[in-house]
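All remarks here apply to the structure that follows.
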Amino acid sequence: MKKWLNLEYAGVHGFYWMIYAVASSFASVFLLARGYSNSQIGLILAAGNVAAVFMQPLLADLADRAKRISLIGLTELITVVIAGLMAALFALQKASLALSVVFLLLLAWVTAIQPLLNSLAFKLGESGCEINFGMARSMGSLAYSLLCAVLGTLAQKYGVQVLPLTGEILLAMLLLTLIIAARHFQKASATGGAESSRKRVITTAEAAGEIGLGQFVRRNKLFLLLSLGIGGIFFSNSVFNSFLLQIVEGVGGDSGDMGRIFSLMAFLEIPPMFFFSFVHRRFSCQTLLKLAAVCFTVKVVWVLVSRSVAMIFAAQFFQLLSFGLFMPAMVIFIDEIMERGEAVKGQALYTIMITVATVFSSLTGGFLLDMGGPGVL
């Protein structure tokens, strides 16, 4: 059962991060083809992320407190909502208010679901089966890498309609994987071997109590400060991710190059995530987060001075020790320092800070592109 739950959780991350590639990483490709300007794209991306900022704490609070719907059930419901929004993209062929609203809601829901998927690792662990988050997240990066390697070329060859089509297929696979994982979780939880683990988790949760958002912030002021720092790091990182197509075109590249760069980035995240459990036995999460912060900074400076597609490709090798270390270190760090009753809120808070950074980068990035081009950006 442990093997199946780990494989299914890896599948959840794999399908989710491919969906994220369609909805977020290729947003500029889709919206430019529908007639939007860079500034308009920036506003839509910003609005979608602003909506996600408000949705994430509400979803986290619901997940922590809900009695009638499980974390897995809530995730399944959101997946269905995203599928409906993705389907609407087929009917909306030109820039319009309707398309703008649909796309920003799509982006908001896809972003808002992230902390729930991270917390799902610890929920599945309550069955008594040890869930390897680093391995699962690395499979997400692998899937993202493989899709990005071909999606840019497919969009160039067959048109951007291939993006929502791909998204619908992936959402159906995500929903199916969640349903299967839920059944295996119930079976594992029902076995006598998981009883002691389940009792331990329930006792811890009861001791933590059900706290509101205000009380959570008061109890975790230093973590709030850390989250603000994460927002700073991810500002420039978000500029790169949101407007990579325009940056690459500025040095002579195209959407195919953009897809291959995204693919390389994701592929380089896999080794540190896959072997994170081994690394974590030798280094604390605090140390690994500091190292990741330095590598994020070096990567951004390298992109700043790049004058060719090859140089931008080279800058991505810092992804090994930046994003590749950051994601598992941050998720596990939160689980280490927080009570179970606070865990989903903790995951949501740091995701919110990343989202806030994305909002500001989207707003400033689009206008800077239209005012001065990718060099100024």
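Observations on the model:
- Overall dimensions of segment 219-270, expressed as equivalent-ellipsoid semi-axes from the Cα gyration tensor (√(5λ), whole Å, largest first), are 31, 13, 6.
- With protein chains left intact and a 1.4 Å probe, residues in segment 277-354 average 43 Å² of accessible area per residue.
- Between residue 58 and residue 4, the FRET efficiency from the beta-carbon distance, with R0 = 35 Å, is close to 0.65.
- For the chain, calculated [θ]222 nm from helices alone, where every DSSP H run of n ≥ 4 adds -39500 (n - 2.57): -27500 deg cm²/dmol
- Scaled against 2.2 N^0.38 Å for its residue count N, the alpha carbon radius of gyration of the chain is 0.96.
- Of the cross-linked pairs 221/345; 221/290; 123/345; 299/345; 123/221; 123/290, those separated by over 22 Å at the C-alpha level are 299/345; 123/221; 123/290.
- When only alpha carbons are used to place a centre, segment 117-163 and segment 233-293 end up 14 Å from one another.
- P(r) histogram, all alpha-carbon pairs of segment 73-189 included - 10 Å bins from 0, percent: 11, 37, 34, 14, 4, 0
- Within the accessible area of segment 255-333 (1.4 Å probe), percent carbon and sulfur: 77 percent
- Evaluated with a Cβ-only charge set (Lys, Arg +1; Asp, Glu -1), the chain carries a dipole of roughly 520 debye about its Cα centre, given to the nearest 20.
- Rounded to the nearest 20 debye, the dipole size of segment 1-91 about its Cα centre is 160 debye, using +1 on the Cβ of Lys and Arg and -1 on the Cβ of Asp and Glu.
- Crossing angle, helix 221-242 versus the chain [Cα axis fit, 0-90 degrees, rounded to tens]: 30 degrees
- For segment 302-327 versus segment 1-77, the spacing of their alpha-carbon centroids is 24 Å.
- On a per residue basis, segment 6-51 carries 23 Å² of accessible surface, using protein heavy atoms and a 1.4 Å probe.
- Estimated inter-spin distance, residue 130 and residue 173, nm [label 7 Å along Cα→Cβ]: 2.9 nm
- Taking packing as the residue-averaged number of other Cβ atoms within 10 angstrom, the listed peptides 101-110, 71-80, 50-59, 11-20 run from highest to lowest as 11-20, 101-110, 50-59, 71-80.
- Computed from Cα positions, the angle between helix 162-190 and the longest principal axis of the chain comes to roughly 10 degrees.
- The share of accessible area on segment 1-127 that comes from carbon and sulfur is 68 percent, using a 1.4 angstrom probe.
- The C-alpha radius of gyration of segment 1-81, expressed as a fraction of 2.2 N^0.38 Å, stands at 1.41.
- Protection proxy ranking for 301-310, 235-244, 160-169, using the average of other Cβ atoms within 10 Å per residue and placing the highest first: 235-244, 160-169, 301-310.
- Length-normalised contact order for the chain - Cα pairs under 8 Å, 6+ apart - percent: 31 percent
- Cβ-based charge dipole, the chain, positive-most Cα from 46, 179, 250: 179
- Tilt relative to the chain, helix 38-65 - C-alpha long axis, 0 to 90 degrees, to 10: 0 degrees
The values are calculated or read from the model by the stated rules, or taken from the named source; none is laboratory data. As the structure is a prediction and not an experimental result, all values here were calculated from the model. Virtual Cβ from ideal backbone geometry, glycine too; neighbours counted across all protein chains shown. The area values use the complete protein model at the heavy-atom level, side chains included, leaving out ligands, DNA and RNA. Shrake-Rupley method; radii C 1.70, N 1.55, O 1.52, S 1.80 Å.
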